[in-house]
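J.: Shown below is the structure under consideration.
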Amino acid sequence: MHLWSTLDPVVGAALVMLLALMAYAVLAGADFGGGIWDLLATGPRQEQHRQAIARAMGPVWEANHVWLIFVIVILFTVFPTGYRALGIAFFGLFHLVLIGIVLRGAAFAFRAAASGESRQWRLWSPVFGASSAVTPFLLGLAAAAVSGGGIRVLPGGTVQVDPILTWYSPVSILMGLLTTAMCAYLAAVFLTVETRGEVQEDFRRRALWSGAVMGLLAAALLPLLPAAMPHLWEHLTRPAPAPILLGGAALALLSAAAIYTRRYLLGRAAAVAQVVVLLSGWAVGQWPYLIYPDITFHGAAAAGPSIRFLLQTLPFGLLVLLPSLWLLFRVFKAEVR
Amino acid sequence: MSHLDAARFQMAYSLFFHMIFAALGVGMPALLAAAEYLHLRTKDPQYLRLAGTWARATAVLFAIGAVSGTGIAFELGLLWPEFMHFAGSTIGPAFTLEGYAFFTEAIFIGLYLYGRDRMRPVAHWLTSVAVAVSGAASSVLVTAANAWMQNPVGIETLRSHPEALSPWVVFTNPHWPIMALHSTLACYAATGFAVSGVYAWGMLRGRTDSLRQKALQIAVIMGLLAAVTMPLTGDVSAKVVARHQPEKLAAMEALFVTRTRAPLLIGGLPDQETGKVCCGVELPGLLSFLAYGALDAEVMGLDQVPRDEWPNLPLVHLSFQLMVGAGLAMVLVGLYYAWVRWRRPADVARDRRLLWLLVIAAPMGYLALEAGWIVAEAGRQPWTIWKAMLTADAVTPSGGMDPSVAGFTALYAALAVALVLLLRRLRHE
């Protein structure tokens, strides 16, 4: 408790936001990945794959989605200057993200209300799959955009976006693709735990393939970072590049090896840790900037005591949320069907 | 459409769409919890079948509510970044607490919808109660944000010493409790009458079994209980508006000239140019009485309001008339149902006049809900924050309004069509 009360409230709020973002990336990321595998389902067991994905997502996807709303609410409650700048800079991008989020959720729910192989199921499946693949790509673009320096906020508040640097640079595209691959990987790994028999083997292969794609994308991205995001790179490698980069790589290898050797629970834990490390690395590199290079977390923080409000109500909110979440995951994820 | 009008249209359209599902997200869980409770009490399997069918509808409706609500959270910043920049930290606490409530609702709706075979019956019923309670709490809490836009308590402190502003200020607003109560009750009324209309329609077409009679009864009871209390909460709301937003009251009543013994206007079409009202009926002194409790009280007219600060008068006035009319119609139809149910219970499913009235009342709750919202928000114009920030000063400087308006109009229209087609196929198993 002492640490909590002496913590710089801005740092505290940024940490809370990061944790919520991690929860969103791991949980909702896997749901997006489920949609991707639904889209890519082939072979004799494709209907079983789709049913397994729908079963895994059904009870939890809405709760998983709320983490994003939580991030947005913290952003405008505590960092309204940052929310304003992002609202202006991401006018087009976030509208597309929204269309993706709305279509994904609506298509999944419409489809779930029908029986498999009905006309309705066949109509909404591709919408569900395509929006699940595109939305994480766009969110990855957004992450690249706040680090890439293409969004400038002038002293008067005018927001300017350099489209080449922000949307069309190789780094942005690669980060978008990496995010999509990460979602697919998480979903496949999670599904190995939640299926049995041949379907489980199918998802094991899909996990290994998407893991390899993720590794290739990361390998292509890393050499570009020092030039494209010098600030981020400098933080990542100071005092030494070792901890975060090596930790991430080691976890990636561990999760892949665990999946390869069919230790699925270990694979799932390592995959989650890998995403957590990836996002931690991005956060460490990004700090102290909310939007590099003009908006820092401290500069974007509201003058009012809304930060204290967030930090003080958080324990009470978690008192309700954590047992509820525990119950949700215990009821639906504890035993394997 | 101008840039500002386009942004207002997109926000209004998104909220109009979201509110339908948000209201069902409050009302349906209450129906579900009631049906589950009756099943536990009576062991009558029909209640379980009812809950099962309602749950399948709720699963889809709740999902649309959740994703369109995410749309609102984003659009606040995409369309009104200057408003959120100024007010985000003040109304944020309302959204934060609403966030916890909505999170709880989303967790328990998963447990309820998918957990029937994995929990004991009482535990499963309790999950539906948790959904109903947290859904109502979300509605009550998020209304605090809107109430602050109507009556921005602490605005001087926010301007001069923002660091001194209490984060709880948004909950100290005298506007909030009555607004929250009135609009949350509206969700129950809208859901109750919409559901009862569906069953009444089925009964007119011969589906009159006892299962459907039970469904009709639960839905009408919920709708009627909410609807009969709403004239009271509405009356208190009007008095609050009279005190804090007399300009809005003048627009609601199309009162052009300040006067004592002000009349209540029934119907009528106000002309903003000539300051005349055509075709209305005036009840002398009643507006003075309803607003201030005295027939002789002076009521402020639009002559005290600069012309460029008038809201859209015909829209606000007619929406107000529609809300009151639809609200009263629900009360009358609901009471008529109660009368038939009490005196001639065997006739409920056969009384075609009653069933037709219930069918006509089906959209009334939603008409009243949306019209009441138009009164509150269009009546607030040209202000985003009452007397503190103009809507024109809150809007985004970004270009590209036209494609986003077109895109969202098409998206939500397509979803609405798909949803109607889907719900039409829903049957009791």
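The values are calculated or read from the model by the stated rules, or taken from the named source; none is laboratory data. Treat the numbers as computed from the prediction; the structure is a model and nothing was measured. Cβ: placed from backbone, ideal geometry, glycine included. Neighbour counts: every protein chain shown. Ligands, DNA and RNA are excluded from the accessible area calculation, which covers all protein heavy atoms including side chains. Shrake-Rupley method; radii C 1.70, N 1.55, O 1.52, S 1.80 Å.
J.: Check every one of the helices (runs of 4 or more DSSP H) wholly within segment A:231-333 and list those with 2 or more residues that are hydroxyl-bearing (Ser, Thr, Tyr) and within 14 Å of chain B (Cβ to nearest Cβ). Give the derivation first.
T.: On the way: elements: A:247-260, A:264-286, A:297-300, A:306-333.
In segment A:231-333, the matching helices (runs of 4 or more DSSP H) lie at A:306-333.
J.: Tell me, which helices (runs of 4 or more DSSP H) wholly within segment A:127-227 include 2 or more residues that are in contact with a Pro (Cβ under 6 Å, 6 or more places away or on another chain)? Walk me through how you get there before you give the answer.
T.: Details: elements: A:163-166, A:170-194, A:197-221.
Filter on segment A:127-227 gives A:170-194.
J.: Kindly list the number of the only condition in (1) in a loop (DSSP other than H, G, I, E, B); (2) within 21 Å of the chain's Cα centre (by Cα) that fails for B:Ala294.
T.: All conditions are met except number (2).
J.: Can you pull out the residues in segment B:98-107 that are within 7 Å of chain A (Cβ to nearest Cβ) and within 23 Å of the chain's Cα centre (by Cα)? Reasoning before the result, please.
T.: First pass over segment B:98-107, keeping only residues within 7 Å of chain A (Cβ to nearest Cβ): B:99-100, B:102-104, B:106-107.
Correct list: B:Gly99, B:Tyr100, B:Phe102, B:Phe103, B:Thr104, B:Ala106.
J.: Identify the single condition in (1) open to solvent by less than 20 Å² (accessible area, probe 1.4 Å); (2) touching a Phe, Trp or Tyr at 6+ places or on another chain (Cβ under 7 Å) that B:Gly275 does not satisfy, given that it satisfies every other one.
T.: Single failed check for B:Gly275: (1).
J.: Check segment A:162-171 and report whether any residue there is within 18 Å of the chain's Cα centre (by Cα), open to solvent by 30 Å² or more (accessible area, probe 1.4 Å) and not aliphatic (A, V, I, L, M).
T.: At the first step, the residues of segment A:162-171 found to be within 18 Å of the chain's Cα centre (by Cα) are A:171.
Next, only the ones that are open to solvent by 30 Å² or more (accessible area, probe 1.4 Å) stay: none.
The answer is no; no qualifying residue exists.
J.: Quick test of your reading of the structure: B:Gly71 fulfils all but one of (1) more than 8 Å from every other protein chain (Cβ to nearest Cβ); (2) in contact (Cβ under 8 Å) with a residue 12 or more places away in the chain. Name the failing condition by number.
T.: Exception for B:Gly71: condition (1).
J.: Okay, moving on. Among the residues of segment B:305-341, write down those that are closer than 30 Å to B:Arg352 by Cα and open to solvent by 70 Å² or more (accessible area, probe 1.4 Å).
T.: Residues satisfying the conditions are B:Leu322, B:Leu328, B:Leu332, B:Leu335, B:Trp339, B:Arg341.
J.: Restricting the search to segment A:90-106, which residues are open to solvent by less than 20 Å² (accessible area, probe 1.4 Å) and either among the β-branched types (Val, Ile, Thr) or at the interface with chain B (Cβ under 9 Å from one of its Cβ atoms) (or both)? So that I can check it myself, show each step before the final result.
T.: Quick first cut of segment A:90-106, residues open to solvent by less than 20 Å² (accessible area, probe 1.4 Å) only: A:90-91, A:93, A:95, A:97-98, A:100-102, A:104-106.
Scanning segment A:90-106 gives A:Phe90, A:Phe91, A:His95, A:Val97, A:Leu98, A:Ile101, A:Val102, A:Arg104, A:Gly105, A:Ala106.
J.: Yes or no: A:Arg152 more than 24 Å from the chain's Cα centre (by Cα) and either touching a residue at least 60 places away in the same chain (Cβ under 8 Å) or open to solvent by less than 20 Å² (accessible area, probe 1.4 Å) (or both)?
T.: Numbers: more than 24 Å from the chain's Cα centre (by Cα): yes; either touching a residue at least 60 places away in the same chain (Cβ under 8 Å) or open to solvent by less than 20 Å² (accessible area, probe 1.4 Å) (or both): yes.
Yes; evaluated as a whole, the condition is true for this residue.
J.: Is there any pair linking a residue in segment B:286-308 that is among the acidic types (Asp, Glu) to one that is open to solvent by 70 Å² or more (accessible area, probe 1.4 Å), with Cβ under 6 Å and at least six apart or on different chains, and which?
T.: Matching pairs, first to second residue: B:Asp296/B:Thr260; B:Asp296/B:Arg261; B:Glu298/B:Thr260; B:Asp303/B:Val257.
J.: Here is a follow-up. Just checking, does segment A:261-270 include any residue being in contact with a Pro (Cβ under 9 Å, 6 or more places away or on another chain) and either acidic (Asp, Glu) or surrounded by fewer than 16 Cβ atoms within 10 Å (Cβ to Cβ) (or both)?
T.: Step one: of segment A:261-270, the residues in contact with a Pro (Cβ under 9 Å, 6 or more places away or on another chain) are none.
No, segment A:261-270 contains no residue that is in contact with a Pro (Cβ under 9 Å, 6 or more places away or on another chain) and either acidic (Asp, Glu) or surrounded by fewer than 16 Cβ atoms within 10 Å (Cβ to Cβ) (or both).
J.: Would segment A:147-157 turn up any residue that is under 16 Å from A:Asp294 (Cα atoms) and within 11 Å of another protein chain (Cβ to nearest Cβ)? Spell out the reasoning first.
T.: Residues of segment A:147-157 that are under 16 Å from A:Asp294 (Cα atoms), as a first pass: A:147-157.
Add one more test, that the residue is within 11 Å of another protein chain (Cβ to nearest Cβ), and what stays is A:157.
Yes, segment A:147-157 has at least one match.
J.: Do the conditions hold for A:Pro59, that is, is it within 22 Å of B:Val60 (Cβ to Cβ), touching a Gly at 6+ places or on another chain (Cβ under 7 Å) and within 10 Å of another protein chain (Cβ to nearest Cβ)? Step through it out loud before you land on a result.
T.: Details: within 22 Å of B:Val60 (Cβ to Cβ): yes; touching a Gly at 6+ places or on another chain (Cβ under 7 Å): yes; within 10 Å of another protein chain (Cβ to nearest Cβ): yes.
The answer is yes for A:Pro59.
J.: OK, next. For residues that are touching a His at 6+ places or on another chain (Cβ under 8 Å) and crowded, with 22+ Cβ neighbours inside 10 Å, scanning just segment A:34-56, find the one that is farthest from the other protein chains (Cβ to nearest Cβ).
T.: The extreme case among them is A:Trp37.
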